[in-house]
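The values are calculated or read from the model by the stated rules, or taken from the named source; none is laboratory data. As the structure is a prediction and not an experimental result, all values here were calculated from the model. We place every Cβ from the backbone using ideal geometry, glycine too, and count neighbours over all the protein chains shown.
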Amino acid sequence: MSEPVIHILADENMPALSACFGSVAQIKTTAGRDISHKDLQNVDALLVRSVTQVNADLLCASDVQFVGSATIGTDHIDQAFLDSRNIEFVHAPGSNAQSVVEYVITAVALWCQKHNKSPKNLKFGIIGKGQIGSRLFDFLNDLGVTVVCCDPPLEHAGIQSPWHGMEAIQQCDVISCHVPLTAEGAYATKHLIDEDFMSGMKSGALLINSSRGPVVDNASLLNHLKAHHFEAVLDVWETEPVIELPLMDAVFLATPHIAGYAYEAKIRGTFMLYQAFCQHFKLKESVVFDDLLPAGKISTHFKSVEDWLSQAPVLYDLKADDSRMRQEVKKNAYVFDNLRKNYPKRREFLRL
């Protein structure tokens with residue numbers, strides 16, 4: 001007697017679905033932002049990315065028993081509802097951490113080149129010292145760059161580190177946000193970077209947001225950029241998938257939520273869900289992560305700040321991502337998701 005077939009509905013932008021799940025389940029894919037309750041009839045497992053809101057409206061009439069998100073963030077998941085229905089939820093913390101670090105350090109390299117600056121003479125502020133923030137800290141610290149970190153939840157949890165407050169972050173030359181999006185509670189991060197915070201930032205500084213769009217008040221940000229108070233790099237946008245053209249025109253670098261889109265990162269996210277899926281459905285794993293990657297892995301170690309500034313923009317053409325977005329969004333304001341879906345294959349390059 002044959003085993004019952006497991007049915008999966010997955011975001012069409014997830015790579016390696018067939019390679020990971022093809023031998024253990026039947027897979028149907030669709031655009032993540034378009035997934036509705038009608039798509040979940042006779043579906044056992046739902047695999048998503050950050051653009052799908054997984055909540056009672058989506059799942060109430062379904063038989064889904066497993067939800068996996070190939071992302072580090074969980075703000076798009078109603079975990080309380082999943083718990084109430086005994087639906088297992090897994091995600092992929094750390095899967096794209098290296099990819100985001102490489103995005104940030106490449107953006108900084110381009111900014112330093114533009115202004116003839118050296119990171120040796122700058123102070124870096126990191127908001128959020130989780131998977132991404134801690135790796136960024138280690139990279140900068142290893143090269144002798146001055147770094148201050150702020151993460152009240154970790155500080156109050158007793159995690160040992162030289163913690164600083166947001167006032168110290170305001171005085172940094174480069175500020176990079178790496179926090180989850182939360183709207184309530186003592187550590188809410190929605191509009192964490194608000195008018196008051198931006199008003200206290202150093203003139204000529206650089207603000208980078210590669211976390212979630214609403215972490216930064218985009219309306220206030222635009223006013224400060226128009227006043228040439230400081231510069232900004234945005235990979236995430238408060239209004240995405242629709243982009244405000246005046247804000248895009250005002251930032252130093254603009255990209256369509258792809259900081260974590262290095263090929264290894266996307267494969268790693270899918271593979272982490274595959275491992276949890278096999279455990280949940282009591283299946284034997286038969287897929288090896290390294291077998292999912294193409295040949296030609298790059299593993300670079302920057303021995304100096306000079307290596308970083310000269311090599312990072314060569315190893316990752318971030319300017320091309322910026323140029324592509326500006327050209328396409330000006331043609332079609334709704335092209336954001338298509339840019340993500342058709343994002344060129346970009347390889348991780350750094351040995352962390």
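Could you tell me which of the residues L40, L110, L59 is over 20 Å from G269 (Cβ atoms) and either in contact with a Ser or Thr (Cβ under 6 Å, 6 or more places away or on another chain) or hydroxyl-bearing (S, T, Y) (or both)? Before you say what the answer is, go through the steps one by one.
Values: L110 fails: either in contact with a Ser or Thr (Cβ under 6 Å, 6 or more places away or on another chain) or hydroxyl-bearing (S, T, Y) (or both); L59 fails: either in contact with a Ser or Thr (Cβ under 6 Å, 6 or more places away or on another chain) or hydroxyl-bearing (S, T, Y) (or both).
Exactly one residue qualifies, and that residue is L40.
Out of A333, A295, A312, one residue alone is aliphatic (A, V, I, L, M), more than 23 Å from F124 (Cα to Cα) and either touching a residue at least 60 places away in the same chain (Cβ under 8 Å) or in contact with a helix residue (DSSP H, G or I) (Cβ under 9 Å, 6 or more places away or on another chain) (or both). It is A333.
Just to be sure, is L283 assigned by TED's automatic domain parsing to the domain that holds A107 and either surrounded by fewer than 16 Cβ atoms within 10 Å (Cβ to Cβ) or more than 17 Å from S211 (Cβ to Cβ) (or both)? Answer is no for this residue. Quickly run through the stretch 37-57 and pick out the residues that are in a loop (DSSP other than H, G, I, E, B) and under 17 Å from the mean Cα position of the chain (by Cα). Selection gives R49, S50, V51, T52, Q53.
Residue-wise test of (1) under 16 Å from F349 (Cβ atoms); (2) at pLDDT below 95; (3) out of contact with any strand residue (DSSP E or B) (no Cβ under 6 Å at 6 or more places or on another chain); (4) not assigned by TED's automatic domain parsing to the domain that holds A254.
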position	(1), (2), (3), (4)
Y103	yes, no, yes, no
A107	yes, no, no, no
W111	no, no, no, no
K117	no, no, yes, no
N121	no, no, yes, no
F124	no, no, no, no
I127	no, no, no, no
G133	no, no, no, no
F137	no, no, no, no
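Among residues of the stretch 276-325 being part of a loop (DSSP other than H, G, I, E, B) and under 22 Å from the mean Cα position of the chain (by Cα), the one that is farthest from V24 (Cα to Cα) is D317.
If you go through the stretch 58-95 and keep only what is acidic (D, E), more than 19 Å from the chain's Cα centre (by Cα) and at pLDDT below 95, you end up with just D63. For S118, the test of being surrounded by fewer than 20 Cβ atoms within 10 Å (Cβ to Cβ), free of Cβ contacts under 8 Å to residues at least 40 places away in the same chain and not basic (K, R) is failed. Of the residues making up the stretch 74-91, none is of a type in the set (A, V, I, L, M, F, W, C), surrounded by 20 or more Cβ atoms within 10 Å (Cβ to Cβ) and part of a loop (DSSP other than H, G, I, E, B).
Considered as a group, the residues in the stretch 28-38 that are modelled with pLDDT under 95 and charged (D, E, K, R) include one that is surrounded by the most Cβ atoms within 10 Å (Cβ to Cβ), and that residue is R33.
Taken together, the criteria place A45 among residues that are buried (at least 20 other Cβ atoms within 10 Å of the Cβ), touching a Phe, Trp or Tyr at 6+ places or on another chain (Cβ under 6 Å) and modelled with pLDDT of 95 or more. Taking residues in the stretch 212-227 that are more than 23 Å from T71 (Cβ to Cβ), and partners anywhere that are polar (S, T, N, Q), the pairs with Cβ atoms closer than 9 Å and at least 6 places apart or on different chains are S220/S199; L221/N209; H224/S199. The single condition among (1) closer than 21 Å to D307 by Cβ; (2) of a type in the set (S, T, N, Q); (3) surrounded by 23 or more Cβ atoms within 10 Å (Cβ to Cβ) that S95 does not satisfy is (1).
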